[in-house]
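The values are calculated or read from the model by the stated rules, or taken from the named source; none is laboratory data. Keep in mind that what you see is a predicted model, and the values were worked out from it rather than measured. No Cβ is skipped: glycine too gets one built from the backbone with ideal geometry, and neighbour counts run over all protein chains shown. Only protein heavy atoms, including side chains, enter the accessible area calculation; ligands, DNA and RNA are left aside. Shrake-Rupley method; radii C 1.70, N 1.55, O 1.52, S 1.80 Å.
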Amino acid sequence: MHEQDLARLWVLAPVVIVSLCVSLILIVLLRPWLARHALAHPNARSSHKEATPQGGGMAVITAALSIGWGAIILTPGLAQEQSAQLLALTAGMILLAAIGAFDDIRSVQAAPRLALQCVAVGAIVAVLPADLHVLPHLPRWLERSCLFIGGLWFVNLVNFMDGIDWMTVAEFVPTAGSIVVLGVAGKVDFATTLLAAALLGAVAGFAPFNKPVARLFLGDVGSLPMGLLLGWLLLQLAANGHLAAALILPLYYLADASITVHQVVTRIFCTNIALAALALSTFAAPGLGWLALTGAAGIVAWLLAGFARCKP
């Protein structure tokens, strides 16, 4: 490992640890209040049978943003490099957390929820650098439209998955962890890496409360802004020329829109680890990126086919 890689690691490790501790402490403090005022009742997608407190994402988002931004500000010159994107991302996350918190306590109609999600995602797309091209063969307006629709879909997909115990943990930990590893190797810019490290720690702090049988869910206050943050992290990965890796890492989330099985989280976590390994392999052998993507699609298809055979 090079000296510069070690220097990054010495910065990132405390970010993960501090974010984990902040998230954990905030959840312990908030959980009694959430148990009284914000209960998630079981539905067709849920893996729980009793009303369970939701809103733990408030602690996750607070930890991820405060520690992530703190680390960025303390790194000289880093905040100025992507100031417009970082401010749009933060404002969008706060907006989604606010509407999500209100929805966790009192239901909000679909139209205003979707409108505010469009504002949050649209603001991020609007401030992307003019020279950023994820799909360079498409006209700029079409590429930006695809990014907007994809971002909106991803935010709601993360929100949709929150009802299954440990499902979000099984997706976010390998994905954010992979981005941190790539950041240590210098493949991702450092501001993105710091936010990924803060998100990794914050989700790890939430994990003990969400393991089956879950004692706490993220709620909309967490799942909506977390979806926005992870989507932005993956966009940064793709913008650096690593589109295959950006698609491989969340591939299970992108593929599964309807399957509900209680004892699948371990298999999904292992699948996401395999997807993370394939995504990392695209950096070691860039010419094999689309071959890795094909292999990842095969793994996910195999897993989904197995789940489909097990459905009652």
Of the accessible area of the chain, computed with a 1.4 Å probe and all protein chains kept, carbon and sulfur make up a percent value of 70 percent
Accessible area per residue in Å² at 1.4 Å probe, computed on the chain: 44 Å²
If Lys and Arg each add +1 and Asp and Glu each add -1, what is the summed charge of the other residues whose beta carbon sits under 12 Å from the beta carbon of MET58? -1
